[in-house]
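One structure is given here, and the rest of the page talks about it.
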Amino acid sequence: MDNVMKLASQRAVVVFSLSSCCMCHTVKSLFHDLGVNAAIHELDEAPRGREMEKALAKLVGRNSPVPVVFIGGKLIGSTDKIMSLHLGGRLVPLLRDAGALWV
């Protein structure tokens, strides 16, 4: 868990993902389209990825935790939360406050 939290606070936006996950791709694409340079951690390609995936599952309370998004070092959630924030017009201000966007 400590490793996950350390990585989660290294950039304004951090996404824990699996390279083959379509919902992960959706979230990563949204951030890219918004001009956010998110730190992406592909758990299936990381040396301790399985361990991190288990820690994230405990953190979010789901067996299949990815994608997991942190903004400003705070756990935001998965695809549903990110899309809800985006559609409600609250994602961009959150990203701006975290220093992920300059516009």
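Distant-in-sequence amide contacts of Gly77, defined by a placed amide H-H separation under 5 Å and a gap of 5 or more residues or a different chain, comprise Val69. Cα centroid separation, the range 31-53 to the range 66-94: 15 Å. With a simple spin-label model that places each label point 7 Å from the Cα along the Cα-to-Cβ direction, the separation between Lys58 and Ala39 comes to 2.1 nm. Over the chain, accessible surface divided per residue gives 57 Å², non-protein components excluded, 1.4 Å probe. Would you mind checking the tilt of helix 49-60 against the longest principal axis of the Cα atoms of the chain, expressed as 0 to 90 degrees and rounded to 10? That works out to roughly 60 degrees. Report summary: the helix-based calculation at 222 nm, which adds -39500 (n - 2.57) for every DSSP H run with n ≥ 4 and divides by the residues of the chain, gives -13500 deg cm²/dmol.
No disulfide-compatible partner, judged by a Cβ distance under 4.7 Å, exists for the following cysteines of the chain: Cys22. Computed in the context of the full set of protein chains, the accessible area of the chain at 1.4 Å probe radius has 53% of its extent on carbon or sulfur.
Phi-derived couplings, Karplus 6.51 cos²θ - 1.76 cosθ + 1.60 at θ = phi - 60°, listed residue by residue for the range 12-29: 4, 10, 10, 10, 9, 9, 10, 4, 9, 8, 5, 5, 4, 4, 4, 5, 4, 5 Hz, with x used for Gly and Pro. Beta-bridge orientation, the chain: approximately 65 percent antiparallel, per DSSP, counting only bridges with both partners inside.
The values are calculated or read from the model by the stated rules, or taken from the named source; none is laboratory data. Since we're looking at a predicted model, the values are computed, not measured. Neighbour counts are summed over all protein chains in view; Cβ atoms, including those assigned to glycine, are modelled from backbone coordinates with ideal geometry. All accessible areas refer to the heavy atoms of the entire protein, side chains included, with ligands and DNA or RNA removed. Shrake-Rupley method; radii C 1.70, N 1.55, O 1.52, S 1.80 Å.
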